[in-house]
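The values are calculated or read from the model by the stated rules, or taken from the named source; none is laboratory data. If you're wondering where the values come from, they're calculated on a predicted model, not measured in any experiment. Neighbour counts are summed over all protein chains in view; Cβ atoms, including those assigned to glycine, are modelled from backbone coordinates with ideal geometry.
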């Protein structure tokens, strides 16, 4: 079990390679169900996340390398992934890589109110630490990120958006 | 013969060719993640008709599939890089929803899945996407129209996502675990789509005379297809009665309430144009579509149809 956990938790996200799947909260469960047989559950960050296949392949490779010859990767849709599952270590790794970590996710119960103004977030520039930042676009280089710019140091940066 | 177990070399990530040496040939026109519902409880709830559930999931899946393809046509064509990325992301989210919903439809009712030539590795959701004719698709007609200008994309995404978000908010309590999970996920995505298009709607309305003219023209052109979104097809009525689906008529008030907020902020009145009639009363949900859908499918499906056993 320890061996399986160590191997699975070492796998990094294909699009955010500074983060492990465990830090991202995508790795939901690891279960050794028999001799050399492990079942892993992962939750997609977004419905169309194109990295799911790469994650599956990476998990299979690492677990086989750790001596498990039967590796099953299952998809867990419920509950839906939320940025609140990103661990403190994951948030620190994002910030260290120049990506602004997400704030608390909004409640997604009940009707979702319309927001016509840019989402108000307290985002600090991961480069210079300035709170003077502005949203460029709610959609970024991957489904999970928004684009920001710092009005102090003028550097653009990504922010992992709260869902 | 010795069994070969692939063990990664230390420098595997540095070698661009290493992935090609693994024997993992897969269906050429989809992803190779075998089953998007692997490990998900797909049991049809007691006393729910599996054919109704399948037909209902297919409708929601086709809406997402067709809308996703239309929005994806904006990739590399949007007015600026940020909006190119935004529209591509919206298309990707919808494609993900389509994949799960088509897979759910296939799992509930296998008879929906077109039969493919022997040896085709296409998974059921891809068979549904690539091997059905236009009249077999159940999407609302709003999704299939030929793209116009950026104002048209803004209005179309706004109408579509406002309606779909209101639907998914209710679908979260579906008795079908898969639909409930897809909806819970989709709500978060659709909220971003709706708010993105709503902000652009207001921006274009309050921008220049030209941007406002184009926005109002787009709204008037699309408005005739708005009422169709709230028509109740018999399948939707049955799915709603069984507690697995949402009656579109029941979300009209919520969706129009949101849309009215956007129109008010933009200072744009509701268009006064009549709804587009069906053909002999039949609309998108009945498989009645315009010619543009056939053309779109021809482009989307032709390669997969030419190579139904395609592996790479």
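At a glance:
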{"quantity": "Count - residues of segment B:252-272 that are in contact with a helix residue (DSSP H, G or I) (Cβ under 6 Å, 6 or more places away or on another chain) and facing another protein chain (nearest Cβ under 10 Å)", "calculated": "6"}
{"quantity": "Options A:154, A:59; residue that is part of a helix (DSSP H, G or I) and either in contact with a strand residue (DSSP E or B) (Cβ under 7 Å, 6 or more places away or on another chain) or surrounded by fewer than 18 Cβ atoms within 10 Å (Cβ to Cβ) (or both)", "calculated": "A:59"}
{"quantity": "Sole exception among (1) free of Cβ contacts under 8 Å to residues at least 24 places away in the same chain; (2) in contact with a helix residue (DSSP H, G or I) (Cβ under 8 Å, 6 or more places away or on another chain) for residue A:156, by number", "calculated": "(2)"}
{"quantity": "Tally of residues being within 9 Å of the chain's Cα centre (by Cα) and surrounded by 24 or more Cβ atoms within 10 Å (Cβ to Cβ) across segment B:60-81", "calculated": "8"}
{"quantity": "Residue B:152 vs. criteria away from every other protein chain (no Cβ under 14 Å) and closer than 21 Å to residue B:289 by Cα", "calculated": "yes"}
{"quantity": "Pick from segment B:262-272, criterion farther than 12 Å from residue B:158 by Cα and touching a residue at least 60 places away in the same chain (Cβ under 8 Å), ranking: surrounded by the fewest Cβ atoms within 10 Å (Cβ to Cβ)", "calculated": "B:267"}
{"quantity": "Unique match (being facing chain B (nearest Cβ under 8 Å) and either surrounded by fewer than 16 Cβ atoms within 10 Å (Cβ to Cβ) or within 18 Å of residue A:45 (Cβ to Cβ) (or both)) among A:131, A:106, A:118", "calculated": "A:118"}
{"quantity": "Of all residues making up segment B:167-187, the number that are more than 15 Å from the chain's Cα centre (by Cα) and either in a helix (DSSP H, G or I) or more than 9 Å from chain A (Cβ to nearest Cβ) (or both)", "calculated": "12"}
{"quantity": "Enumeration of residues in segment B:67-88 that are facing chain A (nearest Cβ under 9 Å), in contact with a helix residue (DSSP H, G or I) (Cβ under 8 Å, 6 or more places away or on another chain) and closer than 20 Å to residue A:147 by Cα", "calculated": "B:83, B:86, B:87, B:88"}
{"quantity": "Pick from segment B:127-141, criterion surrounded by fewer than 24 Cβ atoms within 10 Å (Cβ to Cβ), assigned to a helix (DSSP H, G or I) and in contact with a helix residue (DSSP H, G or I) (Cβ under 8 Å, 6 or more places away or on another chain), ranking: nearest to the other protein chains (Cβ to nearest Cβ)", "calculated": "B:130"}
{"quantity": "Index of the failed condition, residue B:42 passing every other in (1) within 18 Å of the chain's Cα centre (by Cα); (2) farther than 25 Å from residue B:286 by Cα; (3) within 11 Å of chain A (Cβ to nearest Cβ)", "calculated": "(1)"}
{"quantity": "Residue within segment B:107-116 that is buried (at least 22 other Cβ atoms within 10 Å of the Cβ) and either part of a helix (DSSP H, G or I) or in contact (Cβ under 8 Å) with a residue 40 or more places away in the chain (or both) present", "calculated": "yes"}
{"quantity": "Residue satisfying condition, being within 12 Å of chain A (Cβ to nearest Cβ), more than 30 Å from residue A:136 (Cα to Cα) and in a helix (DSSP H, G or I), within set B:100, B:95", "calculated": "B:100"}
{"quantity": "Any hit, segment B:10-24, residues being surrounded by fewer than 19 Cβ atoms within 10 Å (Cβ to Cβ), within 9 Å of chain A (Cβ to nearest Cβ), under 29 Å from residue B:102 (Cα atoms) and at pLDDT below 95", "calculated": "yes"}
{"quantity": "Some residue of segment B:39-56 being surrounded by 21 or more Cβ atoms within 10 Å (Cβ to Cβ), outside any helix (DSSP H, G or I) and without any contact (Cβ under 8 Å) to a residue 24 or more places away in the chain", "calculated": "no"}
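For every residue, the table says whether it meets (1) within 8 Å of another protein chain (Cβ to nearest Cβ); (2) in a loop (DSSP other than H, G, I, E, B); (3) surrounded by 20 or more Cβ atoms within 10 Å (Cβ to Cβ).
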| site | (1), (2), (3) |
| --- | --- |
| A:41 | yes, no, no |
| A:45 | no, yes, yes |
| A:53 | yes, no, no |
| A:68 | no, yes, yes |
| A:71 | no, no, yes |
| A:78 | yes, yes, no |
| A:81 | yes, yes, yes |
| A:90 | no, no, yes |
| A:94 | no, no, yes |
